[in-house]
Amino acid sequence: MLVIRLARIGKKKQAYFRLIVSEKTKDTQGDYLELLGQVNPHTNPRQITLKADRIKYWLEHGATVSPSVHNILIEQGVLKGDKLRVWKAKKVEKTEVAAQPAAPATPAA
């Protein structure tokens, strides 16, 4: 299955991303089928370069998009629809500890 997703490049703490098409099971650092754009999150506003016609081509041929790329494409006007939630909130497990009186320590004889 083909997927359009982000591949991280750049130096440490200076991330820069490429939009690539690759097999879902392949590593993003390895080979990819096509480079579809670039994202630089360090500029204000983010600098985003996309090949919209090629993205539409891959979507017509069955490629899916990751949630982050989906939101970028909606923001840039390539896709229509609502943005997706990318991250999941941490589950806060509330364990109620019953207030039990501490047992007195018995000295070992």
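The values are calculated or read from the model by the stated rules, or taken from the named source; none is laboratory data. As the structure is a computational prediction, the values presented were derived from the model and not from experiment. All Cβ positions, even for glycine, are placed from backbone atoms using ideal geometry, and neighbour counts span all protein chains on display.
Structural remarks
- Matching residues in segment 13-32 - criterion: being surrounded by fewer than 19 Cβ atoms within 10 Å (Cβ to Cβ) and touching a Leu at 6+ places or on another chain (Cβ under 8 Å): 18, 23, 24, 28
- Output for segment 3-23, where each listed residue is farther than 11 Å from residue 39 by Cβ and assigned to a strand (DSSP E or B): 3, 4, 5, 11, 14, 20, 21, 22, 23
- Unique match (being crowded, with 16+ Cβ neighbours inside 10 Å, out of contact with any Pro (no Cβ under 6 Å at 6 or more places or on another chain) and not in a strand (DSSP E or B)) among 71, 44: 71
- Count of residues meeting criterion [over 14 Å from residue 39 (Cβ atoms), at pLDDT 90 or above and among the polar types (S, T, N, Q)] in segment 65-107: 0
- Annotation note: Cβ proximity below 7 Å between a residue of segment 45-69 that is under 18 Å from residue 8 (Cα atoms) and a residue that is charged (D, E, K, R) and assigned to a strand (DSSP E or B) (sequence gap 6+ or interchain) occurs for 66/5; 69/5.
- Any hit, segment 72-81, residues being of a type in the set (Lys, Arg) and within 16 Å of the chain's Cα centre (by Cα): no
- Tallying residues that are within 19 Å of the chain's Cα centre (by Cα), under 14 Å from residue 34 (Cβ atoms) and not in a loop (DSSP other than H, G, I, E, B) within segment 50-64 yields 3.
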